[in-house]
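The values are calculated or read from the model by the stated rules, or taken from the named source; none is laboratory data. In this text the structure is predicted, and so the values were computed from the model without any measurement. All Cβ positions, even for glycine, are placed from backbone atoms using ideal geometry, and neighbour counts span all protein chains on display. Just so you know, the surface numbers come from the protein's heavy atoms only, side chains and all, with ligands and any DNA or RNA stripped out. Shrake-Rupley method; radii C 1.70, N 1.55, O 1.52, S 1.80 Å.
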Amino acid sequence: DPGPLSVFGETTVQGIDKVDPGIILRELAYQPGEIFSPAKIAESQAKILALDLFGLVRIAPKEVPGKPSIVPMEVQVSEKEAREIRVGVGYGTEDQFRAQLRWQHNNWLGGGRRLSLEAKYSSIFTTGAITLVQPHFLSPRTRGIISLRQDRDDEDTYLNNASRFNPRIEHGFTPQLVGFIGYRLEYDRLDRISQATIDALGPVRERGLMSGPTLGLVWNTSDGPLNPTKGEVVSFTFGQAGKIWGGQYSFYKVTTEAKKYLLLGWETILAGRLKIGFAEPLGAEENLPISERLYAGGEKSVRGYARRKLGPLDARGNPIGGLSLIEGSVELRRPIWGPLGGALFI
């Protein structure tokens, strides 16, 4: 027995104490007067939860008699502590012992602004980073991000100490499609480059400033970031550095990757992946840093090969990377017992 065509009415907020209710109301995917839509309610709930300010979010029509054509809405929230500390330790066959410490404020100076301080350590990567995220930057679907990092990359072929400043703007065209445009300003200090690597590649610039724009798109319909069971993820990234931007390196780099997940039944997931990349120096070969060349092999690439060892090597067997890359995989995943899962892959 369908009632009259209904539209959203005004929305009230319940359960707030320290958080400004305006932060919640601006995340709503609907406006008063729009046709009532359960999909809009679900999108609003996801956006409010993404603020990391609430442990519980419930959006529902207020109880009113009859079948109203204007439906007043109510948002009920349960606040959680805006500051959080995360500590993690682990072990991997590639990076060995690893540790992470992160402090984050999810409402720094109000407005849902997020500030995080992070330190990571492993035998390959050591990082110290400060990141500021400004939601609703220029538009409700846009956010500004500023990241300042000091990284130490300890690879077989080189040791790179890099100071990185990366501002960017992200825009959500739809809940599934996100694009970004940013700028990369980075100073690299490369050490421990062997003569065998220089013989294979030619002159290598060991110090220099990298400066230039970056842009990208991500299409994501998967049902989870850690262990998705369905959907797809397609990403495209383009970066360019050049002397016209004030840097000492000059090159471009393009990477695109597609992932697909299918639930076959019996808790079994079919997952596929294809990645393609290109990099090219503009001018002399040394204008493309060795750290920006393309590498394959390892636990996040082609398993069964040592890290970065699938591709060109110098005379001492150390990876020197290439200018193009294509890699892919198909695998079957299934839980075996409790948290233990298994995969068959090629």
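Observations, loosely collected:
- In the chain, the calculated helix contribution to ellipticity at 222 nm averages -2000 deg cm²/dmol per residue, counting -39,500 (n - 2.57) for every DSSP H run with n ≥ 4.
- When the Cα gyration tensor is reduced to axis lengths a ≥ b ≥ c, the ratio a/c is 1.5 or higher for region 192-346, and with a/b not above b/c it is classed as oblate.
- Proximal lysines relative to residue 243, as straight alpha-carbon distance under 19 Å, when same-chain residues fewer than 8 apart are discounted: 253
- Geometric extent, Cα atoms of region 14-60 - Rg, Dmax (angstrom): 10.7, 32
- Only Cα pairs under 8 Å and 6+ residues apart enter the sum, and on that basis the relative contact order of the chain stands at 8 percent.
- Accessible area (Å², 1.4 Å probe, nearest 10) - residue 285: 100 Å²
- Listed residues 93, 157 arranged by accessible area, highest first, probe 1.4 Å: 93, 157
- Cα centroid of region 131-167 to Cα centroid of region 76-125, whole Å: 15 Å
- Extension gain, residue 285 to residue 149, is 46.3 nm, computed as 0.36 nm per intervening residue step minus the present C-alpha separation.
- For residue 98, the solvent-accessible surface computed with a 1.4 Å probe is close to 90 Å², ligands and nucleic acids excluded.
- Taken about its Cα centre, the chain carries a charge dipole of about 100 debye when Lys and Arg each add +1 at the Cβ and Asp and Glu each add -1 at the Cβ.
- Rough spin-label spacing in nm, given labels placed 7 Å along Cα→Cβ, for residue 63 and residue 101: 5.1 nm
- In Å², nearest 10: area of residue 262 left accessible to a 1.4 Å probe: 80 Å²
- Theoretical FRET efficiency, 1/(1+(r/R0)^6), r = Cβ-Cβ of residue 345 and residue 254, R0 30 Å, to 0.05: 0.70
- Remark: the chain carries 55 Å² of accessible area per residue (probe radius 1.4 Å; ligands, DNA and RNA excluded).
- Compactness relative to 2.2 N^0.38 Å, alpha carbon Rg of region 162-242: 1.54
- For the chain, the longest principal axis of the C-alpha atoms and the axis of helix 38-49 are separated by about 60°.
- The slack between residue 334 and residue 12, meaning 0.36 nm per residue of separation minus the straight C-alpha distance, is 111.5 nm.
- Counting only aspartates and glutamates at least 8 places from residue 80 when in the same chain, those with an alpha carbon closer than 14 Å to its own are 17, 20, 52.
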